[in-house]
Each structure stands twice: as C-alpha cells, then as structure tokens.
C-alpha cells in the first residue's frame, strides 16, 4: 500500500450515518441570539455563570490537550462550563485513581477504570457518590446507552456512574506487518502455531534489517491467553455456569507457548518491565512485526513510520484459533471504557449540570466535537462526508483524549484516525464486521464477589507473578502445576468462584 498524502482522509458514508444517528437521539442546545441580542419576547436575562467542573480522565497519545486546547474552549462555550481537566496517562491511570480515591481528593467528575474497582465500590456503599438512576431518563444520549451496558454497571441494583459506552467489536487484537509477510512469502497466520512460525521468520530474517529483531512486542500479551482460553479474562460460560479458566489445562498451554517465545528470543526479554512508549518504539522502529493496538491507534503509529519507510503496512488480524483446525477467536469489548462518577460532595444542581455536559459530548453535535473536533477547523464536510486535516492531529482530537471522557459507541470509533486514507478506513470497517460475527466477550462483566473484593488483589498479584516467572523460566512448569493445585484447594479462592456463580445465575434469571 502506498502512503497517501496527509489530509486525504475521506470518511465513508457510514461515518456520516453514525453521526446522524447519534444526532437524532440527542438534544441540541438552542442557538443564541445574534450578537448577544435579547430574545424577541420577555425580558433580557443575564447569562448564567459557567459551571466550573474539575475532571480526571485518561489519555493514550503522546501529549494530552492543554488548557488552551480549541476543542476544550469549544466545549466550554457550547455547554457554559469552565473545565479544569487533569489528564493522566492510560498506563498509570488505575493507580492514580486509587490514590485520589484513598486521599479523598475527588474532582467533580472522575473516570473510574472499572465498575469493579474495589475502592470505588466501597465508597459507593458508604454513600460517597451520587445514585444517578432517577436522572438518566432526563438525558437522551445517556438514556440511549444500551440497557445491558447500564445493567452491567449497577451496584446493588442502582447506577452510580455513567458508562463510557464503546462499540463491542473492532477494538484491539493482534496486528501484523503485512509487508513483512509479503517480503518473506508468508501467509496471514490463522492459528497460534502459524503465528509462532511467522514470529520466528521475522526474527531470523529481520525484514527491516534491524538488529535484535523480534516477533511480538508483547503489548496486550493477555490476548495470547484469551486465544487459548477462548474467553476474555478468566471466566468462561459453560453449561449455564462460569468456569475459572485460569485453573484449566488451556491456561497451562498458553504459558508453555509464551515460555517458548521467551526462550527463543521471539519476544522482548525485558517484557515484564516495559512501558507503553517502549512497546510503541519496538513496533515503529522496525524491530517487531506483531503488536496489539486498536486499528485507529495502529494507523497513528503507522503515520510516524511512514516518515522513515513509506512501504510499511500494518494490518489488523481478524482472528486466530488456538490450534490448527480450531475455532477462530477474537475478543469482544465490554461495551464501555470505564465509568464516569460524580461524588456526593457535589450539590444536586451542579450534578445535573455535569450530567448535561456528559450528555452533550455523547451525542449529536457534541459527539462530533468529541471525535472529530471543530467543523472547518479540524475537518470539513463535502457531500455529507467528513474530511479531516492535520490540525486534528496537532490538537489531539479524537478517541485517545476527549473520546475517553464521553460515551462514544459509534460503529467506527476504533476504525478511524485523522489523516487515514479511505482504503485503510474501508479495510478496517470490513475487519470489524468480520470480527463481529465470531467475537467472544467476558461473561462476568460487572459481576462481583465480596471475597474477591477483599482478597482478589492479592490473588491477582500472586497469579501474575507466578505466570511471569513461569514464562521467563524462573520456575518450572511443575512449580506452576503445584501453584494451580494450591488454588484449587484454597477455600477462599473457591469461595470467589462460588460467589461469582451466584451473581451470574441471578443475572441470567433477570433476563
């Protein structure tokens, strides 16, 4: 694929359609009188004082928007708000949120990484956050979020946070250097054995001529487990109950596979301590031929590589089977990217104003501003089709910043990035469509075990540590087997399984 000039992004009519559909379900603020003139009837009213909103949210690009960002200024103008946004890098976000919650330093609107965040749930039960259940109906874009997503974010039958809605399909999975495959005469892998063969060929032949070439960056390495386990996370629905797949032979197979990758130098030898920017550097420097990104993020990194090598062609993979002849697998999203909560310290009138702000950015003109920026500044519209420009990139427009703060479940959320050529966008949309036919999600989204809330963090850390040690060869597979056997005999760990299954059965009974 040849590198097309920047600013040639032409979104398909599907983008226009998705924006139109969102607009139809949203409430658009009435236009102000020209030149600030008073309305034709009635007495002139002084403009309401802007609502000051402190926000903590995440970002996943090199630099977050500054306080003078034009999109922020436009949001403030349209919603009569004054925003103070603390942008936190995605890799550090969960830890930083926990610190803020523990310190009681909670802003007016805080993005919580997961509805199952233990400290958040504990504070909800203590009355620290608004129950927004009675108010949802008053905000059309929030009410339009799928009922199942709202259901998955309930705590004790009530909603204490707005889901940051997302599409179910088309997100992150394995991505591969197709130009490397073509150069080496290899076919797109369809199962994990073939993926290993490709990784080894990439390392042995170094298609970009870089020293220390590897196969896979290990970004999002949990996807290897997912393919072997056939589910997202550790829970898999089997015959009406949830099975903890971490205790099953498939988990052992995944570790043996990754152990082999490590021993043969097909993955970074320091992968347990790599940071986000180091994964990206491996992929964009020509040292790795496989990584894990959403299609839109993948394209942003491709643009950077094109400056050095215009022949680079990263391609999202549709799916992989665990074994030859096995069932193809690709992960499905949760339908959300965290939740947005308002502390009870915020007065009710201000809480409603904050919900109005979130509602605006989640549909119609507000959603366009969230995802595409300002018309005729960051994009133009020709025959109903959006065309983005370089300023959209310069001003950090899109899903990696403002898109984190609102509900943005548009069908092409992860398929589009500013500057993307039309044919790449259309390819991404086809891949998302193909994935949607076979994707598998986490059946335990939003389910909570009280025992896990108290003890789960310790089990998670121990499991992660043992898994890493097994992969890098610090412990033997016999040691791993003994560890798994100890979990099977641990009454507290088994209690977690029992409690999750009680919650799962209750959910099934409510459907």
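Summed over the range 182-195, residues that are out of contact with any strand residue (DSSP E or B) (no Cβ under 8 Å at 6 or more places or on another chain) and crowded, with 17+ Cβ neighbours inside 10 Å total 1. Of the residues 317, 336, the single one that is farther than 27 Å from residue 187 by Cα, modelled with pLDDT of 90 or more and touching a strand residue (DSSP E or B) at 6+ places or on another chain (Cβ under 7 Å) is 336. Under the condition of being in contact with a helix residue (DSSP H, G or I) (Cβ under 8 Å, 6 or more places away or on another chain) and surrounded by 16 or more Cβ atoms within 10 Å (Cβ to Cβ), which residue from the range 120-133 is nearest to residue 151 (Cα to Cα)? Result: 132. Against the numbered list (1) surrounded by fewer than 18 Cβ atoms within 10 Å (Cβ to Cβ); (2) over 28 Å from residue 444 (Cβ atoms); (3) over 20 Å from the mean Cα position of the chain (by Cα), residue 86 comes up short only at (3).
Scanning the range 134-160 for residues that are more than 14 Å from residue 448 (Cβ to Cβ), touching a strand residue (DSSP E or B) at 6+ places or on another chain (Cβ under 8 Å) and touching a residue at least 40 places away in the same chain (Cβ under 8 Å) yields 142, 145, 146, 149. Checked against (1) surrounded by fewer than 22 Cβ atoms within 10 Å (Cβ to Cβ); (2) touching a helix residue (DSSP H, G or I) at 6+ places or on another chain (Cβ under 7 Å); (3) part of a helix (DSSP H, G or I), residue 224 passes all but condition (1). Would you say residue 312 is in contact (Cβ under 8 Å) with a residue 12 or more places away in the chain, touching a helix residue (DSSP H, G or I) at 6+ places or on another chain (Cβ under 8 Å), under 30 Å from residue 197 (Cα atoms) and assigned to a loop (DSSP other than H, G, I, E, B)? For residue 312, the condition - in contact (Cβ under 8 Å) with a residue 12 or more places away in the chain, touching a helix residue (DSSP H, G or I) at 6+ places or on another chain (Cβ under 8 Å), under 30 Å from residue 197 (Cα atoms) and assigned to a loop (DSSP other than H, G, I, E, B) - is met.
Can you name the helices (runs of 4 or more DSSP H) wholly within the range 66-156 that have at least 2 residues being over 25 Å from residue 373 (Cβ atoms)? Hits in the range 66-156: 93-103, 118-125, 147-152. Just a yes or no: is a residue in the range 372-386 within 17 Å of residue 163 (Cα to Cα) and either free of Cβ contacts under 8 Å to residues at least 60 places away in the same chain or not in a helix (DSSP H, G or I) (or both)? No, there is no match, as no residue in the range 372-386 is within 17 Å of residue 163 (Cα to Cα) and either free of Cβ contacts under 8 Å to residues at least 60 places away in the same chain or not in a helix (DSSP H, G or I) (or both). State yes or no: is residue 244 modelled with pLDDT of 95 or more and surrounded by 21 or more Cβ atoms within 10 Å (Cβ to Cβ)? No: the conditions fail for residue 244.
Whenever a residue of the range 337-356 is over 17 Å from residue 123 (Cα atoms), its partners that are outside any strand (DSSP E or B) and modelled with pLDDT under 95, lying with C-beta atoms within less than 8 angstrom and at least six residues away or across chains, give the pairs 337/166; 337/404. For the range 49-65, residues that are part of a loop (DSSP other than H, G, I, E, B), over 11 Å from residue 400 (Cβ atoms) and in contact with a strand residue (DSSP E or B) (Cβ under 7 Å, 6 or more places away or on another chain) total 1. Check whether at least one residue in the range 298-306 is crowded, with 17+ Cβ neighbours inside 10 Å, touching a helix residue (DSSP H, G or I) at 6+ places or on another chain (Cβ under 6 Å) and at pLDDT 95 or above, and report yes or no. No, the range 298-306 contains no residue that is crowded, with 17+ Cβ neighbours inside 10 Å, touching a helix residue (DSSP H, G or I) at 6+ places or on another chain (Cβ under 6 Å) and at pLDDT 95 or above.
Of the conditions (1) crowded, with 18+ Cβ neighbours inside 10 Å; (2) not in a helix (DSSP H, G or I), residue 345 clears all except one; give me its number. For residue 345, the failing item is (1).
The values are calculated or read from the model by the stated rules, or taken from the named source; none is laboratory data. Quantities reported herein were computed from a predicted structural model and do not represent experimental measurements. Every residue, glycine among them, receives a Cβ derived from its backbone with ideal geometry; neighbour counts consider all protein chains shown.
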